[in-house]
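Asks: Take a look at this one; I'll ask things after.
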Amino acid sequence: MWPEGRHGVIRRSDLIDTGMSDAEIKRRLRDCTLAQIEAGAYVLGDRLPKYDVQDAKYRLRALAAADTQSLPLSYDSAAAVHGLELLFPDHAVVHVSKPTSSGGRTMASRHIHTGLPDDSVVEVDGVLVSDLVCTAVDVAAGKPFPKALAALDSALRLGASREALQNEIDKRRRAGVAVVRIALRHADPLSANPGESWSRAQMIEAKLPSPVLQRRFDFVDGTIAYTDYCWGDSLAAEFDGLRKYWRDLKPGQNVEDAVVAEKIREDRLRDHVGDVARWIYDDLRSGAMIPMLRRRMCRAGIET
């Protein structure tokens with residue numbers, strides 16, 4: 001029986017108390033029975049997902065940290081607890097906030113923020129965190145447009161209302177809120193993950209025609225497909241992240257099976273639209289996606 005804490009975190013000190021040596025802990029880490037989330041803290045390896053492993057580890061770090069101090073989690077740490085998906089979140093430290101306007105500081109493993117009102121604190125999974133709306137605006141403010149858009153897209157997916165987000169933005173006087181206002185105008189809960197949000201942010205900044213998100217296609221065999229982006233019957237487009245393939249696995253399938261199934265799906269889509277474009281994170285990082293999409297739109301007769 002592993003000495004798990006209430007969030008599934010296992011402390012080295014508790015393992016030593018059960019008679020386990022450091023050599024045995026290292027062996028358990030090598031065979032993936034244990035996974036380290038920070039120095040002296042572990043989780044059972046089979047409790048971690050097959051994708052977004054670093055996000056899952058950070059969430060556990062934040063939950064475990066919340067048990068050792070009285071301040072509520074905030075910013076990226078609260079986002080992790082809420083399940084708010086961010087574009088390149090800050091996993092370096094655990095973020096907490098106090099209600100006062102002074103006393104903020106950054107330490108090796110903690111960032112203490114200020115100015116969190118008591119009425120913006122809620123309890124999630126047994127720990128105190130800034131509420132979803134406050135958290136979304138906190139992590140979006142001062143960030144580049146793609147990061148702000150990803151945060152607000154995710155907040156809407158999780159059930160935050162556009163009105164509540166706008167009201168929270170209106171309270172703020174800090175630098176960077178202007179970008180959040182613009183991001184909220186474009187935010188859409190149909191954007192399914194940060195990669196799709198980043199893709200859309202690049203389209204918006206390049207002033208490309210706006211796509212329809214999650215358009216449904218009914219195939220003759222009775223199956224259904226939804227495309228990430230679509231422009232009429234001329235062009236559909238998909239952002240491909242490895243997470244998609246893990247997510248779509250059926251019992252007994254591996255990633256290669258999912259890739260083949262995706263290829264078959266694309267062939268069927270071509271019976272409905274003239275062309276299907278695809279890209280990955282590397283294309284977004286390098287700036288290759290927009291020129292490729294412009295060429296596809298030009299061939300499809302879509303004005304850019």
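The values are calculated or read from the model by the stated rules, or taken from the named source; none is laboratory data. If you're wondering where the values come from, they're calculated on a predicted model, not measured in any experiment. Reconstructed Cβ throughout: ideal geometry from the backbone, glycine too, with neighbour counts over all protein chains shown.
Asks: Please find, among 77, 102, 130, 154, the residue that is over 24 Å from residue 5 (Cα atoms), modelled with pLDDT of 95 or more and among the polar types (S, T, N, Q).
Replies: Details: 77 fails: over 24 Å from residue 5 (Cα atoms); 102 fails: modelled with pLDDT of 95 or more; 130 fails: over 24 Å from residue 5 (Cα atoms).
None of the others qualify; the one that does is 154.
Asks: State whether the residues of segment 9-17 include one that is at positive phi, crowded, with 16+ Cβ neighbours inside 10 Å and assigned to a loop (DSSP other than H, G, I, E, B).
Replies: Of all residues in segment 9-17, those at positive phi come to none.
No, segment 9-17 contains no residue that is at positive phi, crowded, with 16+ Cβ neighbours inside 10 Å and assigned to a loop (DSSP other than H, G, I, E, B).
Asks: Suppose we filter segment 194-213 for residues that are closer than 27 Å to residue 52 by Cα and either at pLDDT below 95 or of a type in the set (Gly, Ala, Ser) (or both); how many remain?
Replies: Qualifying residue count, segment 194-213: 4.
Asks: Further, regarding this structure: Consider residue 37 carefully, then state whether it is surrounded by 13 or more Cβ atoms within 10 Å (Cβ to Cβ), β-branched (Val, Ile, Thr) and within 28 Å of residue 139 (Cα to Cα).
Replies: Numbers: surrounded by 13 or more Cβ atoms within 10 Å (Cβ to Cβ): yes; β-branched (Val, Ile, Thr): yes; within 28 Å of residue 139 (Cα to Cα): yes.
Judged against the criteria, residue 37 is a match.
Asks: Looking at (1) touching a Leu at 6+ places or on another chain (Cβ under 8 Å); (2) not assigned by TED's automatic domain parsing to the domain that holds residue 156, which one does residue 72 not meet, given that it meets all the others?
Replies: Unmet condition: (2).
Asks: Is it true that residue 97 is over 20 Å from residue 180 (Cα atoms) and surrounded by 22 or more Cβ atoms within 10 Å (Cβ to Cβ)?
Replies: yes
Asks: So, one more: Being surrounded by 13 or more Cβ atoms within 10 Å (Cβ to Cβ), touching a helix residue (DSSP H, G or I) at 6+ places or on another chain (Cβ under 8 Å), in a loop (DSSP other than H, G, I, E, B) and in contact (Cβ under 8 Å) with a residue 24 or more places away in the chain is true for just one of 160, 151. Which residue is that?
Replies: Numbers: 151 fails: in a loop (DSSP other than H, G, I, E, B).
None of the others qualify; the one that does is 160.
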